1. Among 74, 130, 157, flag the residue with its Cα farthest along the positive direction of the charge dipole of the range 28-165, charges on Cβ as +1 for Lys/Arg and -1 for Asp/Glu.
2. So which GluC sites (Glu not before Pro) in the range 18-116 are both in a DSSP loop and have at most 11 other Cβ atoms within 10 Å of their Cβ?
3. Considering the values [x] 20.9, 68; [y] 23.4, 84; [z] 16.1, 51, which represents Rg and Dmax of the Cα atoms in Å as calculated for the structure under consideration?
4. Can you tell me how the range 90-160 classifies by the Cα gyration tensor, rounded, prolate or oblate, using a/c under 1.5 as the rounded cut?
5. Relative contact order for the chain using alpha-carbon pairs under 8 Å, separation at least 6, rounded to a whole percent?
6. Could you work out how far helix 70-90 tilts from the main Cα principal axis of the chain, as a 0 to 90 degree angle to the nearest 10?
7. With a cut-off of at most 10 other beta carbons within 10 Å, and DSSP calling the residue loop, which trypsin sites (Lys or Arg not before Pro) in the range 57-146 qualify? Please list them.
8. Excluding residue 98 itself, what net charge comes from residues whose Cβ is under 12 Å from its Cβ, given Lys and Arg +1 and Asp and Glu -1?
Amino acid sequence: MSSLSNMCVPCATRAVFGFLNRIGEFMPQLGLRLLLACEFWESGVEKYRGENWFADIMDRFPFPFDVIPADISWFISTQSELIGAVALVIGLGTRLVSVTLVIVTVVAWVSVHAGNGYNVCDNGFKLPLMYLVMLLPLIFSGPGKLGLDHLVARRALSARGRQSDA
């Protein structure tokens, strides 16, 4: 490829946008995955090392989560956050993990953050809202090209193509 200084403006623009599009196939999703993984890992580790306080707020859990015993809810939440964080880092099961983390986040919003306003300093709903918004692209678009999901799908399509050729 010739240098951008020797290209016409439309050609250079096209080349720059093409480069940005290629980066856009993996970088935004990777950034979201890593940021969310850090946040959910930290929350999961805190639960893993801490005392179960879910019994104190079970009456605020939305149905059907309010009928699950506090110890089981604590275990499910902790494991979802820890396993989900690892899966997000490597981009494996990204859509399923993201849906799981949406459920965890919605339960947290309703039972812990609702009624505290928007401000993070007041334990408000700003962070859960941000997590939900950041999980949506992963649900709808997957992990991007730097995830195991993409690699697995590519190999599956390649194997399917070889089978149809036979």
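Every number here is computed from the coordinates shown, using simple stated rules; none is lab data. This structure is a prediction, so every number in the text was calculated from the model and none was measured. Cβ atoms come from the backbone with ideal geometry, glycine included; neighbour counts cover every protein chain shown.
1. Value: 157.
2. Values: sites: 25, 39, 42, 46, 51, 81; in loops: 25, 51.
Filter output for the range 18-116: 51.
3. [x]
4. Working: a/c = 4.66, a/b = 3.33, b/c = 1.40.
Judged from the Cα gyration tensor, the range 90-160 comes out prolate (a/c at least 1.5, a/b above b/c).
5. 26
6. On a 0 to 90 degree scale, this one is about 10.
7. Working: sites: 60, 95, 126, 145; in loops: 145.
Passing sites in the range 57-146 do not exist.
8. +1
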